[in-house]
Amino acid sequence: MPSWMLVTHNAMEFLFTPGRVTILGESDGNRLRRIYTDGRSHPEDPEPTFHGHSIGHWEGDTLVVDTVAIMPQTYLAVSEAAGVPNNGDMRVIERIHLAAPRDPA
């Protein structure tokens, strides 16, 4: 979830495929997150998970992600040391974009 982005030692890889963006992360073992971009909606009664159920769409070069069904045990981190509790009905809207290309050197 968005908390990953605050973990300074977390290498992440974004895989863009038709209908889905998959995020692979290395913090705390291997993590996997799927963001469906094929136009589907959230399921009527999604099974809660640590990363929730994510659907997204593109607004220009920004990926807008809507996530629901996040387990109550999952905190929304505001830093690597503090988080906001979740009572089980959390909904998170993210806007993800590349700030600047990294220099491969």
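Listed values, structure above:
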quantity	calculated
Among the residues listed as 33, 40, the single one being in a loop (DSSP other than H, G, I, E, B) and among the basic types (Lys, Arg)	40
Residue tally, condition of a type in the set (Gly, Ala, Ser), more than 17 Å from residue 90 (Cα to Cα) and open to solvent by less than 70 Å² (accessible area, probe 1.4 Å), over segment 11-59	5
Residue selected from segment 41-97 under the condition of a type in the set (Gly, Ala, Ser) and under 15 Å from the mean Cα position of the chain (by Cα), by the criterion nearest to residue 18 (Cα to Cα)	56
Within segment 77-97, considering residues that are at pLDDT 80 or above and part of a loop (DSSP other than H, G, I, E, B), the one farthest from residue 42 (Cα to Cα)	97
Residue list for segment 41-54, filter: more than 15 Å from residue 31 (Cβ to Cβ) and out of contact with any His (no Cβ under 6 Å at 6 or more places or on another chain)	41, 43, 44, 45, 47, 48
Counted residues, segment 60-76 - those being open to solvent by less than 100 Å² (accessible area, probe 1.4 Å) and either hydrophobic (A, V, I, L, M, F, W, C) or modelled with pLDDT under 90 (or both)	10
Among (1) open to solvent by 40 Å² or more (accessible area, probe 1.4 Å); (2) more than 20 Å from residue 13 (Cα to Cα), the one test that residue 86 misses	(1)
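The values are calculated or read from the model by the stated rules, or taken from the named source; none is laboratory data. All figures in this text were calculated on a predicted structure; none of them were measured in a lab. So basically every Cβ, Gly included, is an ideal-geometry build from the backbone, and we count neighbours across all protein chains shown. Remember, those area values only see protein heavy atoms, side chains included, never the ligands or the DNA or RNA. Shrake-Rupley method; radii C 1.70, N 1.55, O 1.52, S 1.80 Å.
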